[in-house]
Amino acid sequence: QQFTQRPENMSGVLKYTRPDLATLTYHPVRPLDVISKEIGIPVEQMAKLDANENLHPVPEEMMAAVTEALASLSSGCSAQIYPDPTQVNFRADIARMHGVSVDQVCAGSGSDDILDI
């Protein structure tokens, strides 16, 4: 596929970017309350699907389990420290559950993290 020539005045990272991508404009995700005011629809009647946000509240059972796990140092969970970025224990448990090698399990903190891996 052929691309058009880059303008001579491009600088920084854009000079290494395909011309068709270099001209794209970033539009950040806007909060629901801002959109609600702009279009005159109450936030409660809106569903925002562009930011991978859950439309439903966290189930009480899940909130209780997470709260209990965070409160228990014996569980290995601790809210005041960063989690293991390589997910050693989690990957080992998943590998054991599925009968595969730990090297065959990829885990991360969200899709951006997985894509970076």
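The values are calculated or read from the model by the stated rules, or taken from the named source; none is laboratory data. Quantities reported herein were computed from a predicted structural model and do not represent experimental measurements. Every residue, glycine among them, receives a Cβ derived from its backbone with ideal geometry; neighbour counts consider all protein chains shown. Only protein heavy atoms, including side chains, enter the accessible area calculation; ligands, DNA and RNA are left aside. Shrake-Rupley method; radii C 1.70, N 1.55, O 1.52, S 1.80 Å.
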Quick count over segment 94-112, residues being part of a helix (DSSP H, G or I), open to solvent by 50 Å² or more (accessible area, probe 1.4 Å) and either among the basic types (Lys, Arg) or within 27 Å of ASN52 (Cα to Cα) (or both), is 4
Those residues of segment 46-82 which are among the hydrophobic types (A, V, I, L, M, F, W, C), over 23 Å from ASP93 (Cβ atoms) and either outside any loop (DSSP other than H, G, I, E, B) or modelled with pLDDT under 75 (or both) amount to ALA51
Going through segment 22-34 in order, the residues found to be over 19 Å from ALA51 (Cβ atoms) and open to solvent by less than 80 Å² (accessible area, probe 1.4 Å) are ALA22
Using the structure shown, decide if PRO19 is at pLDDT 75 or above, closer than 28 Å to SER109 by Cα and open to solvent by less than 80 Å² (accessible area, probe 1.4 Å).
no
- prompt: Has segment 83-93 got any residue that is assigned to a loop (DSSP other than H, G, I, E, B) and either on the phi > 0 side of the Ramachandran plot or open to solvent by less than 60 Å² (accessible area, probe 1.4 Å) (or both)?
  reply: yes
